[in-house]
1. Which residue is surrounded by the most Cβ atoms within 10 Å (Cβ to Cβ), if the candidates are limited to the stretch 4-23 and must be part of a loop (DSSP other than H, G, I, E, B) and out of contact with any strand residue (DSSP E or B) (no Cβ under 9 Å at 6 or more places or on another chain)?
2. In the stretch 118-133, which residue that is closer than 20 Å to THR67 by Cβ and in a loop (DSSP other than H, G, I, E, B) is nearest to the chain's Cα centre (by Cα)?
3. Which residue out of ASP22, ASP36 is touching a Gly at 6+ places or on another chain (Cβ under 8 Å), closer than 28 Å to GLY131 by Cβ and not aromatic (Phe, Trp, Tyr)?
4. Would you mind finding the one in GLU44, GLU31 that is under 12 Å from the mean Cα position of the chain (by Cα) and among the acidic types (Asp, Glu)?
5. Considering (1) open to solvent by 70 Å² or more (accessible area, probe 1.4 Å); (2) of a type in the set (Asp, Glu); (3) more than 15 Å from the chain's Cα centre (by Cα), say which one ASP105 fails and leave the rest.
6. Look at the stretch 70-107 and say how many of its residues are touching a residue at least 24 places away in the same chain (Cβ under 8 Å), within 17 Å of VAL18 (Cα to Cα) and not in a loop (DSSP other than H, G, I, E, B).
7. Filter the stretch 58-89 for residues that are within 12 Å of the chain's Cα centre (by Cα) and closer than 18 Å to MET108 by Cβ; which is surrounded by the fewest Cβ atoms within 10 Å (Cβ to Cβ)?
8. Scan the stretch 11-39 and report the pairs whose first residue is in contact (Cβ under 8 Å) with a residue 12 or more places away in the chain and under 12 Å from SER91 (Cβ atoms) and whose second residue is part of a helix (DSSP H, G or I) and hydrophobic (A, V, I, L, M, F, W, C), with Cβ atoms within less than 7 Å and a gap of 6+ or a chain change.
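The values are calculated or read from the model by the stated rules, or taken from the named source; none is laboratory data. The shown structure was predicted, so the numbers you read here are calculated from the model rather than taken from an experiment. Methodologically, a virtual Cβ is constructed for each residue, glycine included, from the backbone with ideal geometry; neighbour enumeration extends over all protein chains shown. When the accessible area is computed, the model is the full protein with side chains, heavy atoms only, and any ligands, DNA or RNA have been set aside. Shrake-Rupley method; radii C 1.70, N 1.55, O 1.52, S 1.80 Å.
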Amino acid sequence: MGIVLETSARNAACDAIVDLIDAGAGAGTLELKSADSSVAGTNEVATITFSATAFGAASSGAASAATMTSDTNAAGGTVSRFTIFDSDGNSVFRGTVTTTGGGGDIEMSSVSVGAGDTVSLTSLTATMPTGSF
């Protein structure tokens, strides 16, 4: 049997990770990217800005993002990855992006973004699994 994290541990782990987004003087960002990169501004297709407190407190091992500000003038390209940064440009975590039903860490209605398009995310949830090691 593998290690099972109790809900209190899952909540603590989830909160600790998403709270890293709040480091720095301003709001963190989520960059939608055309290729994997942990460097802010590299391979950027669009940038979504978090609220000053990016996520609410975790419950049942999951935390939901507060309101996010859309990118109203995207650089454009085909999205395949994302990276989340604190306001100082430090990478917190990154993952995959696919179209809805594609199984990515983030699923979008379309991964094709035109230059100048508005890009928004309606929801984002970070979840700590019950068994993580």
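1. So in the stretch 4-23, the residues part of a loop (DSSP other than H, G, I, E, B) come out as 4-6, 23.
With the extra rule that they be out of contact with any strand residue (DSSP E or B) (no Cβ under 9 Å at 6 or more places or on another chain), the set shrinks to 4-6.
Details: VAL4: 11, LEU5: 17, GLU6: 10.
That would be LEU5.
2. Step one: list which residues in the stretch 118-133 are closer than 20 Å to THR67 by Cβ, which gives 118-127.
Now drop any that are not in a loop (DSSP other than H, G, I, E, B), which leaves 118, 120-124.
Working: THR118: 17, SER120: 12, LEU121: 10, THR122: 12, SER123: 10, LEU124: 7 Å.
The extreme case among them is LEU124.
3. Values: ASP36 fails: touching a Gly at 6+ places or on another chain (Cβ under 8 Å).
Step by step, each of ASP22, ASP36 is checked, and only ASP22 is touching a Gly at 6+ places or on another chain (Cβ under 8 Å), closer than 28 Å to GLY131 by Cβ and not aromatic (Phe, Trp, Tyr).
4. Values: GLU44 fails: under 12 Å from the mean Cα position of the chain (by Cα).
Just one listed residue meets the conditions, GLU31.
5. (3)
6. Here is the first cut: in the stretch 70-107, the residues touching a residue at least 24 places away in the same chain (Cβ under 8 Å) are 70-94, 97, 106.
From what is left, the residues that are within 17 Å of VAL18 (Cα to Cα) are 82-94, 106.
In the following step, the residues that additionally are not in a loop (DSSP other than H, G, I, E, B) were identified as 82-85, 91-94, 106.
Qualifying residue count for the region: 9.
7. Initial filter on the stretch 58-89 (within 12 Å of the chain's Cα centre (by Cα)): 63-66, 68, 81-86.
With the extra rule that they be closer than 18 Å to MET108 by Cβ, the set shrinks to 64-65, 68, 81-84.
Working: SER64: 15, ALA65: 22, MET68: 19, ARG81: 20, PHE82: 24, THR83: 22, ILE84: 25.
For the stretch 58-89, the residue satisfying everything is SER64.
8. Pairs found: GLY28/ILE21.
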